[in-house]
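Asker: Please see the structure below; I have some questions.
The values are calculated or read from the model by the stated rules, or taken from the named source; none is laboratory data. Treat the numbers as computed from the prediction; the structure is a model and nothing was measured. Positions of Cβ are generated from backbone atoms using ideal geometry, with glycine treated the same way; all protein chains shown enter the neighbour counts. Protein only, heavy atoms only, side chains kept; ligands, DNA and RNA dropped before computing areas. Shrake-Rupley method; radii C 1.70, N 1.55, O 1.52, S 1.80 Å.
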Amino acid sequence: MSRNSLRVLSLIILALLWEVVGRTKNAHLFPPLSVILWAWAELLLSGELLRALLVSFQALTLGFLISVATGVPLGLLMGRYRRLEAFLDLYMIALLSLPIISVIPLLVIAFGLGLHSRVWIVFLFAFVIIAVNTKAGVRNVDPTLTEMARSFGAGERELFLKVILPAALPMIMAGLRLGMGRAIVGMITSEVVLAVVGFGAMLIYFGASFQTPALFATILTIILLAVVILALIQFLDRRLIPWHAST
């Protein structure tokens, strides 16, 4: 049985178990999947789901793109130059272990309650993991590859573009996948804690009003969004690194 067939089979089994448990247990706490799907269809037809998606996706996209544009180059430089890593390593560890929610008041003071603050929260969630993975990818490059390139007269620029970057791409793409997962967490955190908009507003409203089917429908939409985006990154991974995907 193929990998995709196994995935479909697992989803069918999960859906059947969900439906059975929802109808035999407390439906207010854990509604049947059919009821959740009906609530999801109502949210979609009313336009509420799409409006929330547009609001949330804007902050997610901007924050993630900024984190990639800064995290990947910084990780490449830190992985290549030991002195730069020694200079910045303490700050990267601090950011990696810092509870991002603790800096939200500072972001509110600096940028207010609008889009800017939500974008920077998404950035803070994703940036460090992307930079750290990129640095690890550079560090894991086989030294014999760089030595061979130097023996053929390659300069530092050619080493970066033709040897180090291609060899580090698998780890970089893994960092992008992890970073996107953290970016989605940051998106929801910013909307629940900072500005009650988008999916965060729906989670708060449906939870407070005990509309459990609509609450589950919103959660499933967020999961579906994450799955689709991660699948796109994986597709890009296969296109950029076909030799890695084949192995």
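Asker: Could you work out [θ]222 nm for the chain from helices alone, using -39500 (n - 2.57) per DSSP H run of at least four and dividing by all its residues? Round to the nearest 500 deg cm²/dmol.
Answerer: Rounded to the nearest 500, the figure is -27000 deg cm²/dmol.
Asker: To the nearest µm²/s, what D does Stokes-Einstein give for the chain at 10 °C and 1.306 mPa s, using the Kirkwood radius over alpha carbon pairs as Rh? It would help to have the intermediate numbers written out before the result.
Answerer: Values: Rh = 20.5 Å.
The estimated diffusion coefficient comes to 77 µm²/s.
Asker: Modelling each spin label as a point 7 Å along the Cα-to-Cβ direction, I'd like the Ile233/Lys25 distance in nm, to one decimal.
Answerer: My value for the distance between the label points is 3.0 nm.
Asker: Which parts of the range 25-40 would a label at Ala15 reach, counting a residue when its backbone N lies under 19 Å from a point 7 Å out along Cα-to-Cβ?
Answerer: Answer for this model: 31-40.
Asker: To continue, here is another question. Please report the net charge: other residues with Cβ closer than 14 Å to the Cβ of Ala214, K and R +1, D and E -1.
Answerer: For residues surrounding Ala214, the net value is -2.
Asker: Quick one: pull the percent of accessible area on the range 129-247 belonging to carbon and sulfur, 1.4 Å probe, ligands and nucleic acids left out.
Answerer: 69
Asker: For the chain, list the DSSP H helices whose alpha carbon atoms reach 30 Å or more along the long axis and whose average Kyte-Doolittle value is 1.6 or above? All intermediate terms of the calculation are to be shown ahead of the outcome.
Answerer: Working: long enough: 3-24 (32 Å, 1.00); 48-80 (48 Å, 1.39); 115-139 (36 Å, 1.34); 165-189 (35 Å, 1.33); 212-240 (42 Å, 1.88).
Those that clear 30 Å and a mean of 1.6 are 212-240.
Asker: Sticking with this one: Treating the range 107-247 as a set of equal point scatterers at the Cα positions, no solvent, please give the Debye-formula log₁₀ I(q)/I(0) at q = 0.08, 0.09, 0.13, 0.19 Å⁻¹.
Answerer: So the normalised log intensities are -0.34, -0.42, -0.72, -1.08.
Asker: Quick one: net charge around Thr61, please, counting Lys, Arg +1 and Asp, Glu -1 for every other residue with C-beta under 15 Å from its C-beta.
Answerer: +1
Asker: Something else now. For the chain, report the accessible area per residue in Å² (1.4 Å probe, heavy atoms, rounded to an integer). Intermediate values should be presented prior to the final figure.
Answerer: Details: 14220 Å² over 247 residues.
About 58 Å² of surface per residue is accessible.
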